[in-house]
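Chemist: Please see the structure below; I have some questions.
The values are calculated or read from the model by the stated rules, or taken from the named source; none is laboratory data. Source: prediction; values computed, not measured. So basically every Cβ, Gly included, is an ideal-geometry build from the backbone, and we count neighbours across all protein chains shown.
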Amino acid sequence: MPDIMGATDIAFPNLGIYLTNVPKSFSIFGFPIAFYGLIIGIGVLCGVLVAAAEAKHTGQNPDNYWDFAIYAIIFSIIGARIYYVVFAWDLYKDDLLSIFNTRRGGLAIYGAVIAAFLTLFIYTRVKKLSFFQMGDTAMMGLILGQVIGRWGNFMNRECFGQYTDGLFAMRLPVEAVRSNEISASIAEHMSASTNYIQVHPTFLYESLWNLALLLIIFLYRDHKKFHGEICLIYLGGYGLGRFWIEGLRTDQLQIGSSGIAVSQMLAAFLVLFAITTFIVVRIQLKKKI
């Protein structure tokens with residue numbers, strides 16, 4: 001591969017994959033449409049379709065999930081933005097109006113997940129439905145949405161990791177990424193004759209991890225012992241993968257100047273919470289037998 005990449009090129013040199021002219025957006029009748037938003041939208045739609053199908057499979061009313069999705073989408077976006085702004089406050093404290101400008105990025109998946117769970121709790125309380133049963137059913141849709149949605153990060157050239165020369169190493173033109181996401185480690189491996197960075201494609205790692213988690217849940221769901229078990233598998237399984245992947249990323253949201261990645265710490269907590277709760281509930285169920 002040449003040392004100079006086009007501004008819209010993406011490559012995986014060790015896999016022999018070289019993509020040219022990969023745009024971030026396209027236009028219809030002069031109206032610009034970002035691939036990021038389109039892919040997220042497709043992920044959400046596929047997620048709701050899967051949740052509704054799973055509801056039918058388990059004898060629930062699929063309409064409840066379509067109704068819930070309307071609220072979940074709205075509040076998840078708000079939650080994702082609040083989470084990001086809180087832990088990247090230095091970027092917004094001098095220009096508060098920029099908080100409302102999401103066109104330049106700034107959404108955090110954990111914020112969306114937290115908001116979705118809170119929305120589900122309120123929704124089930126109002127509708128007098130089972131929070132844990134709906135949570136189990138919705139998890140399959142949520143994970144599929146994440147599997148698909150991460151490819152929006154690919155189109156945006158974001159959510160990448162440190163330098164690597166491993167099998168899945170990804171090359172991105174310097175001009176296509178945000179300068180503050182180019183770490184010292186990445187910069188050290190750049191030469192004066194190149195205009196690209198070579199990094200871990202953490203978006204890909206997370207998409208594949210979530211796909212594996214989805215398959216595990218799909219195979220296990222009919223064997224669960226209690227409502228809420230699938231939620232715990234999701235929280236623990238996703239948290240385990242996220243803890244590892246977050247450690248690779250260069251765009252970590254950190255707790256003040258501590259150097260601690262907030263999403264990594266949250267992931268670790270959720271893994272411990274999920275394992276502990278799973279064990280405690282299983283023990284209680286055995287005592288009732």
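Chemist: Which residues, taken from segment 135-169, are over 13 Å from residue 41 (Cα atoms) and among the basic types (Lys, Arg)?
Modeler: Passing the criteria: only 157.
Chemist: For segment 104-141, which residues satisfy the criterion of being in a loop (DSSP other than H, G, I, E, B) and in contact (Cβ under 8 Å) with a residue 12 or more places away in the chain?
Modeler: 105, 106, 107, 108, 129, 130
Chemist: Considering only segment 205-218, I want to know if a residue exists there that is under 22 Å from residue 153 (Cβ atoms), charged (D, E, K, R) and surrounded by 16 or more Cβ atoms within 10 Å (Cβ to Cβ). Can you show your working first?
Modeler: Just the residues of segment 205-218 that are under 22 Å from residue 153 (Cβ atoms), to begin with: 205-215.
So of that shortlist, the ones also charged (D, E, K, R) come out as 206.
Checking which are surrounded by 16 or more Cβ atoms within 10 Å (Cβ to Cβ) leaves us with 206.
So far as segment 205-218 goes, yes, one or more of its residues are under 22 Å from residue 153 (Cβ atoms), charged (D, E, K, R) and surrounded by 16 or more Cβ atoms within 10 Å (Cβ to Cβ).
Chemist: Being surrounded by fewer than 21 Cβ atoms within 10 Å (Cβ to Cβ), in contact with a strand residue (DSSP E or B) (Cβ under 7 Å, 6 or more places away or on another chain), in contact (Cβ under 8 Å) with a residue 12 or more places away in the chain and hydroxyl-bearing (Ser, Thr, Tyr), is that true of even one residue in segment 178-200?
Modeler: yes
Chemist: Residue 164 fails exactly one of the following numbered conditions: (1) within 11 Å of residue 201 (Cα to Cα); (2) crowded, with 20+ Cβ neighbours inside 10 Å; (3) among the hydroxyl-bearing types (Ser, Thr, Tyr). What is the number of that condition?
Modeler: (2)
Chemist: Then there is this: Show the residue pairs that are 6+ apart or on different chains and have beta-carbon atoms under 9 Å apart, the first residue being within segment 7-36 and among the charged types (D, E, K, R), the second being assigned to a helix (DSSP H, G or I).
Modeler: If the second residue must be assigned to a helix (DSSP H, G or I), the pairs left are 9/176; 24/35; 24/36; 24/155; 24/156; 24/176.
Chemist: For segment 182-289, which helices (runs of 4 or more DSSP H) that fit wholly inside it have 2 or more residues that are under 19 Å from residue 113 (Cα atoms)? Even if it seems obvious, please write down each step before you answer.
Modeler: Values: elements: 184-188, 202-220, 229-246, 262-288.
Here the list reads 202-220, 229-246, 262-288.
Chemist: If you don't mind, another one. Scan segment 181-193 and give yes if some residue there is acidic (Asp, Glu), farther than 27 Å from residue 136 by Cα and over 16 Å from the mean Cα position of the chain (by Cα), otherwise no. Give the steps one after another, and end with the answer.
Modeler: Here is the first cut: in segment 181-193, the residues acidic (Asp, Glu) are 181, 188.
Among the residues that remain, those that are also farther than 27 Å from residue 136 by Cα are: 181, 188.
Those still in the list that are over 16 Å from the mean Cα position of the chain (by Cα) too: 181, 188.
Within segment 181-193, one or more residues are acidic (Asp, Glu), farther than 27 Å from residue 136 by Cα and over 16 Å from the mean Cα position of the chain (by Cα).
Chemist: Quick check on segment 161-178. Is at least one of its residues polar (S, T, N, Q) and in a helix (DSSP H, G or I)?
Modeler: From segment 161-178, those polar (S, T, N, Q) are 162, 164; that's our starting set.
Okay, now just the ones that are also in a helix (DSSP H, G or I), so none.
No, there is no match, as no residue in segment 161-178 is polar (S, T, N, Q) and in a helix (DSSP H, G or I).
Chemist: I would also like to ask the following. So residue 169 fits all but one of (1) of a type outside the set (D, E, K, R); (2) more than 19 Å from the chain's Cα centre (by Cα); (3) at pLDDT below 95; what number is the exception?
Modeler: Unmet for residue 169, out of (1) of a type outside the set (D, E, K, R); (2) more than 19 Å from the chain's Cα centre (by Cα); (3) at pLDDT below 95: (3).
Chemist: Looking at residue 135, is it of a type outside the set (A, V, I, L, M), more than 16 Å from the chain's Cα centre (by Cα) and buried (at least 18 other Cβ atoms within 10 Å of the Cβ)?
Modeler: Working: of a type outside the set (A, V, I, L, M): yes; more than 16 Å from the chain's Cα centre (by Cα): yes; buried (at least 18 other Cβ atoms within 10 Å of the Cβ): yes.
So residue 135 passes the test.
Chemist: Oh, and also: Considering only residues that are touching a Leu at 6+ places or on another chain (Cβ under 9 Å) and in contact (Cβ under 8 Å) with a residue 40 or more places away in the chain, which ones fall in segment 247-266? Spell out the reasoning first.
Modeler: So in segment 247-266, the residues touching a Leu at 6+ places or on another chain (Cβ under 9 Å) come out as 261-263.
Correct list: 262, 263.
Chemist: Could you check segment 1-90 for strands (runs of 3 or more DSSP E) lying wholly inside it with 3 or more residues that are surrounded by 16 or more Cβ atoms within 10 Å (Cβ to Cβ) and at pLDDT 95 or above?
Modeler: On the way: elements: 10-12, 17-19, 25-28, 31-34.
The strands (runs of 3 or more DSSP E) meeting that bar are 10-12.
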